[in-house]
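**Student:** Dropping the structure in here first, questions after.
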Amino acid sequence: MVIGRRKKPPVMAQELPHIVVEVNVEPIELYKILKIENLVEGGGEAKIRIADGEVMLNGLIETRKRKKVYHGDEVEYQGQLMKVHFTGKE
């Protein structure tokens, strides 16, 4: 009598839809990403949201407001995934 399977099939990770945030300065501070995308009213609110642990950087909760963000980093806030892309142009 078989009740269950011993091996589970591999779970395929689905990539969430994301927004590409193009920046011309590298590194850029984390709170500025939220400001660029107009997800907060201003820098003060962005810093509060980050300090409260509402923002994730590369899959981990980040509470440092001035944490440096580089090309290829992923920022998540309120279910919105953003990938940072350094353009190098001013």
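**Student:** State which residue is farthest from residue 17 (Cα to Cα) when the search covers only segment 36-53 and only residues that are of a type outside the set (A, V, I, L, M) and crowded, with 17+ Cβ neighbours inside 10 Å.
**Tutor:** For segment 36-53, the residue satisfying everything is 47.
**Student:** Scan segment 58-79 and give yes if some residue there is out of contact with any helix residue (DSSP H, G or I) (no Cβ under 8 Å at 6 or more places or on another chain), in contact (Cβ under 8 Å) with a residue 40 or more places away in the chain and surrounded by 14 or more Cβ atoms within 10 Å (Cβ to Cβ), otherwise no.
**Tutor:** Yes, segment 58-79 contains a residue that is out of contact with any helix residue (DSSP H, G or I) (no Cβ under 8 Å at 6 or more places or on another chain), in contact (Cβ under 8 Å) with a residue 40 or more places away in the chain and surrounded by 14 or more Cβ atoms within 10 Å (Cβ to Cβ).
**Student:** Look through 37, 29 and report the one residue that is without any contact (Cβ under 8 Å) to a residue 60 or more places away in the chain, out of contact with any Ser or Thr (no Cβ under 7 Å at 6 or more places or on another chain), of a type in the set (D, E, K, R) and more than 14 Å from residue 69 (Cα to Cα).
**Tutor:** That would be 37, the only listed residue that is without any contact (Cβ under 8 Å) to a residue 60 or more places away in the chain, out of contact with any Ser or Thr (no Cβ under 7 Å at 6 or more places or on another chain), of a type in the set (D, E, K, R) and more than 14 Å from residue 69 (Cα to Cα).
**Student:** Take segment 80-90 and flag every residue that is part of a strand (DSSP E or B) and either surrounded by fewer than 18 Cβ atoms within 10 Å (Cβ to Cβ) or not β-branched (Val, Ile, Thr) (or both).
**Tutor:** Matches in segment 80-90: 80, 81, 82, 83, 85, 86.
**Student:** Take the conditions crowded, with 17+ Cβ neighbours inside 10 Å, more than 13 Å from the chain's Cα centre (by Cα) and either farther than 18 Å from residue 17 by Cα or not acidic (Asp, Glu) (or both) and apply them to residue 32. Does it pass?
**Tutor:** no
We did not get these values from a lab; they are worked out from the coordinates using the rules stated. Since we're looking at a predicted model, the values are computed, not measured. Cβ: placed from backbone, ideal geometry, glycine included. Neighbour counts: every protein chain shown.
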